[in-house]
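The values are calculated or read from the model by the stated rules, or taken from the named source; none is laboratory data. Because the structure is a prediction, the values reported are computed rather than measured. Positions of Cβ are backbone-derived with ideal geometry, glycine not excepted, and every protein chain shown enters the neighbour counts.
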Amino acid sequence: MRNRERGRAGAGLGPADLGTAGPEALNWAIDNCTIQRALSVLGDRWTFVVLREVFNGIRRFDDMRVRTGIPRQVLSGRLARCVAEGLLRREPYREPNQRPRAEYRLTQKGLDLYPILVALNAWGTAYYADPLGSPLEFRHRDCTGEVAIRLRCSEGHDVADMRGVVPAPGPGARRRRPTTAQVGAP
């Protein structure tokens with residue numbers, strides 16, 4: 001009945017319910033984790049490199065291949081995956097006396113990854129840049145000011161110290177169900 005007292009009837013047990021100490025996060029299921037789902041699309045070595053190129057205006061297969069050195073099969077697979085996931089769309093073009101080809105353009109879903117690219121570049125610059133700095137900066141088109149990512153809570157406060165952020169169950173959170181071993185199988 002303890003779960004009912006928490007407002008989730010039959011939702012499962014966590015470490016505290018089993019008499020074990022542990023982080024509160026152990027009480028929550030992760031099978032519907034949106035970070036995990038996003039990483040299943042973006043989490044390999046080459047996908048963000050491909051997206052970086054398209055963000056930088058490199059939209060054609062051969063140009064991407066020459067610039068990045070990504071093997072042909074790998075690049076073809078990543079572009080196909082980005083199209084299938086709705087991050088990029090294929091747009092046909094034809095050079096004079098050449099066969100029709102496609103270039104790759106960002107969709108809104110792909111454009112929504114821009115803050116992640118900016119944040120990833122800032123992190124890479126902080127920890128992995130050459131002594132002169134990053135070879136890439138992001139600038140505001142209108143004023144040329146450098147673009148940076150800031151965290152802000154829903155109440156309008158800027159968050160400068162990441163230790164001031166705590167994870168909390170979201171609206172899609174579900175209590176973790178106990179395994180047989182956790183509740184003592186008969």
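If we only count helices (runs of 4 or more DSSP H) wholly inside region 83-186, which ones have 2 or more residues that are touching a helix residue (DSSP H, G or I) at 6+ places or on another chain (Cβ under 9 Å) and aromatic (Phe, Trp, Tyr)?
In region 83-186, there are no helices (runs of 4 or more DSSP H) which contain 2 or more residues that are touching a helix residue (DSSP H, G or I) at 6+ places or on another chain (Cβ under 9 Å) and aromatic (Phe, Trp, Tyr).
In region 163-178, which residues are of a type in the set (A, V, I, L, M, F, W, C) and either touching a residue at least 12 places away in the same chain (Cβ under 8 Å) or surrounded by 10 or more Cβ atoms within 10 Å (Cβ to Cβ) (or both)?
If the condition is that a residue be of a type in the set (A, V, I, L, M, F, W, C) and either touching a residue at least 12 places away in the same chain (Cβ under 8 Å) or surrounded by 10 or more Cβ atoms within 10 Å (Cβ to Cβ) (or both), then Val165, Ala173 are the ones that fit.
Enumerate the helices (runs of 4 or more DSSP H) found wholly within region 1-81, keeping only those where 3 or more residues are surrounded by 11 or more Cβ atoms within 10 Å (Cβ to Cβ) and at pLDDT 95 or above.
47-55, 61-68
Can you find a residue that is closer than 20 Å to Leu51 by Cα and without any contact (Cβ under 8 Å) to a residue 60 or more places away in the chain anywhere in region 149-162?
Filtering region 149-162 down to residues closer than 20 Å to Leu51 by Cα leaves 149.
Next, only the ones that are without any contact (Cβ under 8 Å) to a residue 60 or more places away in the chain stay: 149.
Yes.
Which numbered condition in (1) in the same structural domain as Gly57 (by TED's automatic domain parsing); (2) modelled with pLDDT of 95 or more is the only one that Ala129 fails?
(1)
Looking at region 28-40, is at least one residue in contact with a helix residue (DSSP H, G or I) (Cβ under 8 Å, 6 or more places away or on another chain), closer than 27 Å to Val147 by Cβ and not acidic (Asp, Glu)?
no
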